[in-house]
Amino acid sequence: MRSVLLSLLFIGGLSSWLLGQPIGKSSYETRVAVAAEKMAEKDYYNAVVLYEEAFEERKDERLLPLIGELNLKLRDYTKAQRAYAQALRRDKDDKMTGLRYFYGLSLKLGGNYAEAIPEFQKFLASSPSDSLKELAQNEIAGAELALTWANQKPKIEVTSIDRDLNSPFSEYSPAFSRGGNLYYSGFNRPDVIIVEEDNQDYHAKIYFAEREEKAEAGYKKPDSLDQKINRPGFHTGNVAFSTDGNRMFFTRSTLQGNEVADSKIYFSVGGDGAWGAPNELVGVNGDFLAKHPAVGELFGKEVLFFSANIEGGYGGLDLYYATLKSEGVYGDPISLGPKINTPGDEITPFFFNGTLYFSSNGLPGLGGQDIFFSAWNGSMWSEPRNMGIGFNSAQDDQYFALDAEGYLGALTSNRPGGRFVRSRTCCDDIYGFTIEKIKADLVVGIFDAGRKPLNGGTVKLTISEILGDGSPKSQTNANGNRFDFPLELDKSFKVFATREGYFPDSAIVSTAGLEQSKSFEQRFYLKQVPPPPPVEPEYDTITIQQAIVLENILYDFDDDKIKPEAESDLTLVFDLMKQYPEMVIELSSHTDYRGVDAYNERLSQRRAESAKRWLVAKGVEADRIVAKGYGEKQPKTISARVAQQDSLFKEGDLLTPSFIDEIKTEEERERAHSINRRTEFKIIKGPTSITIKRTSLRKQTNKPAPNRNANPGASSAGASRPASVIVIHELSTLRGRKDLKGVPIMQFKERVIDFGEVKKGEKREHTFEFANLGDTPLQIGVISTCDCTTTEYSTDPVPPGGKGKIRVIFDSTEKEHDEVIDVDIILDNTEPDTGRPIIERLQYKYTLR
């Protein structure tokens with residue numbers, strides 16, 4: 001009868017099986033000889049027991065390096081440290097400097113980082129072994145990293161997943177099915193297994209543990225899969241699933257002693273609790289160890305990641321991928337390259353949402369195997385990054401896995417605190433963790449400038465990167481001032497607050513890079529829109545002796561001929577003379593005070609006579625018109641209308657020479673002179689009052705405007721007004737603004753359109769075209785309108801002189817009556833002096849039928 005003591009371990013992703021036969025008492029020589037045989041058979045457990053017994057008998061220091069090596073393989077780091085330390089203390093001649101690498105490694109794996117670093121440094125200073133130098137440097141970097149992170153809080157809480165799942169033996173390769181159930185490999189035995197010759201059922205199996213209905217309750221009692229999967233005579237493990245959950249991948253392995261002799265990857269089709277007969281994969285298996293399958297996607301195609309010791313690799317086990325060709329058939333293995341693979345071992349890959357998670361002992365880490373991650377950008381991998389404290393420990397951490405949602409996870413570790421059969425760190429347990437679902441929301445409050453709550457506002461939220469595309473989220477709160485929005489992660493949002501009668505405001509909120517849930521708060525303090533200027537009456541009532549300026553009567557320099565553009569005003573006077581046949585008027589001309597007085601008076605008289613002749617030629621009796629040239633004798637008194645148009649003057653100012661001379665700049669003085677240079681008419685006989693349309697006497701803006709009534713000898717002779725004047729539309733907040741420097745000006749071909757009759761349910765659209773007549777690039781922030789209207793427009797800046805379009809689409813489905821719809825264009829531009837946003841309004845109307 002043959003007895004075998006067996007315990008499943010997992011060293012660095014390599015199945016290391018603790019196998020041995022009971023040995024009777026024997027002499028020192030016999031123990032050493034049998035121990036050497038067991039070591040050659042890779043029966044590390046019995047080998048170390050025999051060497052330790054032999055050392056206790058003879059204290060033969062030559063056995064210490066072997067005892068250290070075997071305990072290191074069996075992950076008993078405390079015993080390994082003790083053996084190496086004794087050996088190096090007795091090495092007075094420094095003949096065993098190579099042991100310092102392994103002594104430093106046992107110290108590091110035991111968490112003694114500060115003691116490990118000097119041992120690695122001594123090894124580097126004295127060892128001729130080039131093969132271990134790179135690994136020693138890597139271990140120093142890892143130990144220094146661990147010391148740097150020593151006081152950091154773990155990134156995540158990792159706890160034993162379930163006592164019913166973890167046994168004193170090793171459990172490994174956790175994987176979540178689409179249904180959230182857990183698969184893993186292990187013995188699921190409570191104690192040491194004594195295997196008799198007639199009982200060979202000691203192999204590792206895949207187990208299935210169903211998730212309890214309440215997640216916090218854990219898992220139901222595990223059960224092994226049937227013999228279709230767990231084939232007798234093979235160790236079965238390394239579970240992985242396809243994205244749809246319908247294919248399960250796993251490995252079947254055989255051992256030589258405590259090491260894997262053969263390992264191949266298989267797949268089975270089915271689902272939880274019902275897996276079909278497996279088949280060996282084609283393309284990923286060969287004359288090498290193929291282990292740790294994981295499904296992923298590269299270049300838009302499904303691939304299988306796995307670890308293998310293919311000849312020509314970078315280290316012991318490297319990571320490869322093979323592209324799926326058909327069910328169970330893959331292309332040739334392709335190495336993930338030197339960015340991922342190292343001279344050490346890279347194992348247990350897991351791919352999720354474009355990120356590869358894997359374990360490596362060839363990168364700087366806290367322990368032996370640490371978990372790393374690398375992101376795939378579509379063409380290359382990012383530099384691997386350590387997952388940090390919590391995910392990693394001073395020991396071996398591997399088999400990182402997540403469920404389908406990515407918030408529940410598991411890993412395998414031999415960190416202290418788990419269950420064990422030989423030493424505190426001999427055996428792997430499965431640990432679970434939960435990743436917090438990062439959430440973000442936004443709370444908006446609208447207040448007035450006095451910080452009092454402002455009810456009845458509207459808040460719109462749009463993604464700033466695609467501003468103007470699609471319909472932004474919008475809320476209106478008629479009875480309060482609070483607005484709540486859930487936010488997507490890794491995006492930037494633009495928030496707009498509006499309220500009738502107040503200037504809008506906006507802010508940017510970004511959820512990019514959030515590592516924990518956050519509630520954003522944004523308060524807006526809106527300034528009230530000042531009341532609009534009083535609407536000018538459509539008609540003026542002109543009384544007797546009231547002088548009315550004829551703004552379009554202009555003359556060339558030193559000339560009294562009537563110009564074509566003056567005819568509109570003279571025609572108006574002619575029409576009034578016909579309308580009121582008893583009316584007698586004085587037609588007067590005035591100059592500024594510059595030049596020779598007598599000449600100015602003669603020039604103004606000639607001009608007044610010229611205007612009279614024009615009217616007489618049209619049929620007005622000559623005795624009904626008194627032509628009078630006043631020269632500079634009657635300076636103009638500023639009217640309310642002129643004061644409103646030009647902030648330089650106040651109503652009632654008399655533009656005398658002394659007043660004008662006190663004005664600071666030449667440009668401002670010229671504005672005063674131009675007001676004094678005028679042609680007027682007033683009723684001197686007949687009706688005491690007449691009614692006239694106010695706009696009839698406005699200056700024509702599309703005509704050139706030379707210097708009105710310029711008189712020879714004046715310093716500004718020949719000066720002219722601007723060739724054109726920009727008219728600000730009444731639907732613009734720039735209306736009434738005197739200084740238009742530094743602001744964009746939206747000039748539309750039309751601002752108000754009529755869709756006419758619209759049948760309920762019909763859609764209508766119109767494209768409004770505009771030009772930027774200002775001196776500053778125009779930037780549309782957002783367009784605010786009703787839910788029945790969608791808009792399309794570009795957010796690219798419109799340079800001065802540039803043009804743009806705004807497409808407006810009206811959907812009448814929800815409408816019940818005729819309506820005029822406002823479309824408010826809120827610019828990112830603000831008025832330079834007040835900081836108020838610039839708003840341009842469009843309108844459309846319709847008749848519902």
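For this structure, a couple of remarks:
- Calculated [222 nm] ellipticity per residue, helices only, for the chain: -5500 deg cm²/dmol; basis is -39500 (n - 2.57) per DSSP H run with n ≥ 4, divided by all residues, nearest 500.
- Theoretical gain in end-to-end length, Tyr525 to Glu37 [0.36 nm per residue, Cα-Cα removed]: 167.2 nm
- The residues packed around Phe305, meaning those with a beta-carbon under 12 Å from its beta-carbon, carry a net charge of -3 if Lys and Arg are +1 and Asp and Glu are -1.
- Using a Förster distance of 30 Å, the FRET efficiency for Glu765-Arg737 (Cβ separation, nearest 0.05): 0.40
- Proximal charge balance of Ala116 [Cβ under 9 Å; K/R count +1, D/E count -1]: -2
- Under 27 Å of direct C-alpha separation, and excluding same-chain neighbours fewer than eight residues apart, Lys79 reaches these lysines: Lys25, Lys38, Lys42, Lys59, Lys92, Lys95, Lys108, Lys122, Lys133.
- Subtracting the Cα-Cα distance of Asn479 and Lys650 from their residue separation scaled by 0.36 nm leaves 57.1 nm.
- Segment 61-141 shape via C-alpha gyration tensor axes, a/c threshold 1.5: oblate
- Flagged links, alpha-carbon separation over 27 Å, of Lys633/Lys693; Lys155/Lys460; Lys636/Lys685: Lys633/Lys693; Lys155/Lys460
- Each distinct pair of alpha carbons in segment 99-170 adds a 1/r term; the inverse of their mean, the Kirkwood radius, is 14.1 Å.
- Computed as a quarter of the hull surface, the mean projected area of the alpha carbon convex hull for segment 717-849 stands at 9.5 nm².
- With K and R counted +1 and D and E -1, the other residues having a Cβ less than 13 Å from that of Glu346 yield a net charge of -1.
- Ordering of 439-450, 493-504 by packing is 493-504, 439-450, highest average first (other Cβ atoms within 10 Å, averaged per residue).
- Filter on Lys527/Lys815; Lys205/Lys264; Lys650/Lys682; Lys563/Lys618; Lys803/Lys845; Lys291/Lys437 - keep pairs with C-alpha separation over 21 Å: Lys527/Lys815; Lys650/Lys682; Lys803/Lys845; Lys291/Lys437
- Based on protein heavy atoms only, segment 195-330 ends up with 45 Å² per residue of surface accessible to a 1.4 Å probe.
- Sorting the segments 787-795, 86-94 by their residues' average number of neighbouring beta-carbon atoms within 10 angstrom, most packed first, yields 787-795, 86-94.
- The GluC sites (Glu not before Pro) of segment 564-596 meeting both criteria, a DSSP state outside H, G, I, E and B (loop) and at most 11 other C-beta atoms within 10 angstrom of the site's C-beta, are Glu582.
The values are calculated or read from the model by the stated rules, or taken from the named source; none is laboratory data. Nothing here was measured: the structure is a model prediction, and the numbers come from that model. We place every Cβ from the backbone using ideal geometry, glycine too, and count neighbours over all the protein chains shown. Side chains are part of the model used for accessible areas, which takes the heavy atoms of the whole protein and leaves out ligands, DNA and RNA. Shrake-Rupley method; radii C 1.70, N 1.55, O 1.52, S 1.80 Å.
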